[in-house]
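What follows draws every value from the coordinates through simple rules; no lab data is involved. In this text the structure is predicted, and so the values were computed from the model without any measurement. Glycine also receives a Cβ, built like all others from the backbone with ideal geometry; neighbour counts cover every protein chain displayed.
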Amino acid sequence: MKQTALSFLSAILLSAAASYASDEKLVTCSSAIKLTHIESGSKYYLLSDDRQLQSGSGQQLVTAVENNRTPDGLWQIREAHDSPVCDAGTPIRCGDVIRLMHVGTGRNLHTHGIKSPLSNQHEVTGFGSGQGEGDSGDNWTVVCESGGDFCKGERNLGGGQP
C-alpha cells in the first residue's frame with residue numbers, strides 16, 4: 001500500500017453539490033464537489049485543465065488557485081478503481097475508498113512516487129483516458145475528522161491514498 005505525504009490533500013474540505021437525504025446534506029456518488037485547502041483558511045481550491053506538466057510525469061496539471069468560481073475546480077465522486085459501479089445518489093461513508101474525476105477533462109486525481117518539482121512531495125496530477133479510467137493511484141480514502149458514519153457537505157475531511 002502507498003503512503004502519502006500530501007499536505008495539500010491531508011486536509012481537504014468537500015463542499016458544494018451534495019445530495020439531500022433525510023434532511024442531511026450528504027455527499028453521494030456522482031456528486032460534483034470542490035476541494036479546498038483547509039490549512040490556508042480555505043483560500044485555495046484544487047483545479048485542473050487540459051495542460052500537461054512540463055516536468056515530472058508529464059501528466060495533466062493539477063494546482064491550487066484562489067478562484068472558487070471556475071468550473072475547472074469541479075471533481076465528481078466515483079467508485080474506486082477496479083470496484084463495482086457506485087450508483088448515483090449512494091451516500092459516501094467515512095472510510096470509503098473513492099476516485100475523484102475532474103469534470104472538465106474526465107481524468108482522475110492521481111498520485112504516484114514521482115516528486116513534485118515545487119513541493120518535493122508526491123506529485124498530484126490528472127491521470128487516465130479521459131473517461132474516468134486509470135489505476136490504483138487514483139484511489140483516495142475518505143477520512144471524516146468530525147466523526148460520524150457518512151460524508152457530509154461543508155464538513156472538514158482528510159483524504160489520502162489507501
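Could you give the nm distance between label points at residue 49 and residue 120, where each point is 7 Å from its Cα heading toward the beta carbon?
Roughly 3.1 nm, to one decimal.
Taking 7 Å along the Cα-to-C-beta vector as the label spot, tell me the residue 103-residue 65 distance in nanometres, rounded to one decimal.
Reported label-point gap for residue 103 and residue 65 is 1.5 nm.
Please name which of 94, 109, 74 has its Cα lying farthest along the dipole of segment 68-114 towards the positive end, using unit charges on Cβ (Lys, Arg +1; Asp, Glu -1) and the Cα centre as origin.
Toward the positive end, the furthest listed residue is 74.
To the nearest 0.05, what FRET efficiency results for residue 85 and residue 40 with a Förster distance of 41 Å applied to their C-beta separation?
0.75
Give me the aspartates and glutamates in straight-line cross-link reach of residue 152: C-alpha distance below 12 Å, same-chain residues under 8 apart excluded.
Hits, sequence-local ones excluded: 23, 24.
Assuming R0 = 22 Å, what is the FRET efficiency of residue 32 and residue 57, from their Cβ-Cβ distance, to the nearest 0.05?
0.30
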